Structures are given as structure tokens and as C-alpha cells.
Amino acid sequence: MGARTECQSECPKYTDIRSRSRLANSKSRRWFMEEKGKTDVLTFGTGNSSLGKFLVASSDKGIRAILFGDTKDVLFEELRREFPDATCVGGGDEYGNVIGAVGYLIEHPESEFQLPLDTAGGDFEQLTRAAIRTICAGKTVSHAEIARMIGASSESARYVADVCAKNTIAVAVPCHRVEEADGVGPQYRWGERIRRALLIREKAYLPKSPWVGFP
């Protein structure tokens, strides 16, 4: 379903992140110009995982939302709040493949997610998401570190935290790997229980040191 993501030995360069983000942002702007005046249609479906119920919504460009919630009604209400101008249409049997792919990602967050994402926002938001997606599975960084990765000042950490708090694409945009410098992640949108569960799953797949067990 998805290959394990190889962990990078060092943080990606700012120019690498910026080039990826510039491509995503140009696509977002082009999409806005092409779609302006058209109805925004989101296909959605729900599934069950070991971390609870989840909802997936996507446009014809890619996944727009992966949300966790207690019930289907709660999930749908959250979707409507996030995208009030969109027409939401329940997916048919064919959408089961998307639900299955997201379900697999939740159970195996260390794997590489293959489906396209449909994100929007300004340069800062796009750069922040691009940087977050380069964090190695099982590793954590602070908001200030993300700010430095994208070439922003450490004072921009609070804006990074805001991007994480408003992230609508759980796991695929792995904000669970971003935390405060003291190791606490109060801004994680879906709660500390889910954040820690995802990290525990990822850490199980980290390469083991060859010196473990030796004096």
C-alpha cells in the first residue's frame, strides 16, 4: 500500500523546501484562477481505525481533509465548518479505495502516502507544510526549528504553531511531529492521545542502533 519513508540524515535545505512549496503554491494559484466562479465540490467518506473514526474529503485535485472525530455527524459538521462554501457529496463504492489508503496511513504513519493533496494558502503556509512533510517519521521538531527550516526568524514559531493548529489534513501533513521545545504538543488539533499513538507507531520502525545490547 505504501513504501516506508526513508529517514534523512539531516534537515533538507531551505532552497529545496522553497522550490517544492513554490510548485505547490503555483498550482494552488492556477487552480484558483481556473476554478474561480465554479462550484467547489468535495467528495467525502468515513472510515474506522484503531484511533477512532475518520473522514476523508477530496476535490478533483487531491485530498483536502483528513479529520478525526467521535461520530460521523461530528465529522461532517467539522467538514462543513472548514469548507462552508463547498458542496459536499458522499462518495460511492469507488471512493472506498481512498478511504482504504488513508486508513492504511493511519495504521502505518511511517509509510509514504501516495495520493495527491489539495492544499491552499500563502507562501508561509505552503513553506511550513512542505517543511513539516520532510520531518522523518518518529522524529519531532519544534515550531522554532520549522521556522528556521523555511528561512524565517525564530519569532515566527507562533505562526508555525498556528498553521499546525489549523491543519485539516491529519497524518499526511504530519503536524504530530511538531511540538513545543519542552516536548509537549498542546496545539495538536486532534489531541495528545492520537499524537502520541502516531509517534509510537512511527518509532517502532526507526532503524535500531547496531550497538544496542553491547557494553
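The values are calculated or read from the model by the stated rules, or taken from the named source; none is laboratory data. In this text the structure is predicted, and so the values were computed from the model without any measurement. All Cβ positions, glycine included, derive from the backbone under ideal geometry; neighbour counts span all protein chains shown.
Quick check on my filter: what residues within segment 37-74 are among the charged types (D, E, K, R), outside any strand (DSSP E or B) and in contact with a Ser or Thr (Cβ under 8 Å, 6 or more places away or on another chain)?
At the first step, the residues of segment 37-74 found to be among the charged types (D, E, K, R) are 38, 40, 53, 60-61, 64, 70, 72-73.
Now narrow it down to the ones that are outside any strand (DSSP E or B): 38, 40, 60-61, 70, 72-73.
Of everything in segment 37-74, those that are among the charged types (D, E, K, R), outside any strand (DSSP E or B) and in contact with a Ser or Thr (Cβ under 8 Å, 6 or more places away or on another chain) turn out to be Asp40, Lys72.
Please tell me if Ala101 is surrounded by 22 or more Cβ atoms within 10 Å (Cβ to Cβ), at pLDDT 95 or above and more than 18 Å from Trp190 (Cα to Cα).
Values: surrounded by 22 or more Cβ atoms within 10 Å (Cβ to Cβ): no; at pLDDT 95 or above: yes; more than 18 Å from Trp190 (Cα to Cα): yes.
Here the answer is no, as Ala101 does not meet what is asked.
Tell me the residue from Ala144, Ala161 that is among the small types (Gly, Ala, Ser), at pLDDT 90 or above, more than 29 Å from Val98 (Cα to Cα) and touching a helix residue (DSSP H, G or I) at 6+ places or on another chain (Cβ under 6 Å), please.
On the way: Ala161 fails: more than 29 Å from Val98 (Cα to Cα).
After ruling out the rest, the residue left standing is Ala144.
Across segment 46-67, which residue is nearest to the chain's Cα centre (by Cα) among those that are of a type in the set (Gly, Ala, Ser) and buried (at least 19 other Cβ atoms within 10 Å of the Cβ)?
Here is the first cut: in segment 46-67, the ones of a type in the set (Gly, Ala, Ser) are 47, 49-50, 52, 57-59, 62, 65.
Subsequent filtering for residues that are buried (at least 19 other Cβ atoms within 10 Å of the Cβ) retains 57-58, 65.
On the way: Ala57: 13, Ser58: 14, Ala65: 9 Å.
Step by step, filter segment 46-67, then rank; the result is Ala65.
With the checklist (1) assigned to a loop (DSSP other than H, G, I, E, B); (2) surrounded by 19 or more Cβ atoms within 10 Å (Cβ to Cβ); (3) modelled with pLDDT of 95 or more in hand, flag the one item Leu115 doesn't pass.
Failing condition for Leu115: (2).
Residue by residue through segment 125-144, note down the ones that are assigned to a helix (DSSP H, G or I) and either surrounded by fewer than 18 Cβ atoms within 10 Å (Cβ to Cβ) or small (Gly, Ala, Ser) (or both). Can you show your working first?
Filtering segment 125-144 for residues assigned to a helix (DSSP H, G or I) gives 125-132, 143-144.
Within segment 125-144, Ala130, Ala131, Ala144 meet the criteria.
Say whether the condition of being more than 16 Å from Gly62 (Cβ to Cβ) and among the basic types (Lys, Arg) is met by at least one residue in segment 157-171. Please lay out each step first, then the result.
Within segment 157-171, the first condition is being more than 16 Å from Gly62 (Cβ to Cβ), and the residues that meet it are 157-166.
Of the ones still in play, those that are also among the basic types (Lys, Arg) are 158, 166.
Yes, there is a match, as at least one residue in segment 157-171 is more than 16 Å from Gly62 (Cβ to Cβ) and among the basic types (Lys, Arg).
Counting just the residues of segment 179-205 that are among the hydrophobic types (A, V, I, L, M, F, W, C) and modelled with pLDDT of 95 or more, which one comes out surrounded by the fewest Cβ atoms within 10 Å (Cβ to Cβ)?
Pass one, segment 179-205, residues among the hydrophobic types (A, V, I, L, M, F, W, C): 181, 184, 190, 194, 197-200, 204.
With modelled with pLDDT of 95 or more added as a condition, the list becomes 194, 197-200.
Working: Ile194: 19, Ala197: 17, Leu198: 25, Leu199: 20, Ile200: 11.
Here the residue is Ile200.
Any idea which of Glu94, Glu77, Glu82 is modelled with pLDDT of 95 or more, loosely packed, with under 13 Cβ neighbours inside 10 Å and not hydroxyl-bearing (Ser, Thr, Tyr)? So that I can check it myself, show each step before the final result.
Details: Glu94 fails: modelled with pLDDT of 95 or more; Glu82 fails: loosely packed, with under 13 Cβ neighbours inside 10 Å.
It is Glu77.
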